[in-house]
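All remarks here apply to the structure that follows.
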Amino acid sequence: MWKNILGLALLAGVAFLIFRAVQQYRQDNVFDMAPAAGGAAGGIATNGQKRGISPELLQILADPADKGPVKLITDSSGKEWLLNPRNGYRYPVEDGIPIMLIEEGEKHKDESLIEKAS
């Protein structure tokens with residue numbers, strides 16, 4: 001009789017652990033990045049759509065070299081970059097994540113994108 005009760009308790013414990021694991025998985029997925037509207041920017045999301053940088057994030061991002069604002073641009077191949085129009089530094093955006101390292105900006109510097117101060 002005790003074996004039956006112990007077996008049922010063990011089965012209930014395993015079922016509870018599976019239930020909690022599924023519940024935690026669903027809860028964690030709530031925090032995944034949402035795809036950009038229309039799937040027009042960034043990297044590939046898990047559902048096949050592309051991700052982009054949110055407008056809120058873009059407003060607070062600053063070039064690490066001069067601490068000034070950056071612009072989101074897309075080159076002819078469709079790759080996104082964050083551009084500092086004051087020095088021509090371009091920072092790549094990979095899978096919706098900007099790579100904001102000064103070395104990356106220097107490596108991808110484009111003099112033709114520098115805007116002249118008025």
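Observations on the structure shown:
- Sorted by Cβ density within 10 Å, fewest first, the residues Val93, Val14: Val14, Val93
- In region 58-94, trypsin sites (Lys or Arg not before Pro) in a DSSP loop with at most 13 other beta-carbon atoms within 10 Å: Lys67, Lys79
- Where GluC sites (Glu not before Pro) fall in DSSP loop in region 52-118, at most 15 other Cβ within 10 Å: Glu115
- Proximal aspartates and glutamates to Lys107, defined as alpha-carbon separation beneath 12 angstrom and excluding residues fewer than eight positions away on the same chain: none
Here, each number is a calculation from the coordinates, and none is a lab measurement. Predicted model, so just to flag it, every value in this text is computed and none were measured. With ideal geometry, Cβ positions are generated from the backbone for all residues, glycine too; neighbour counts draw on all protein chains shown.
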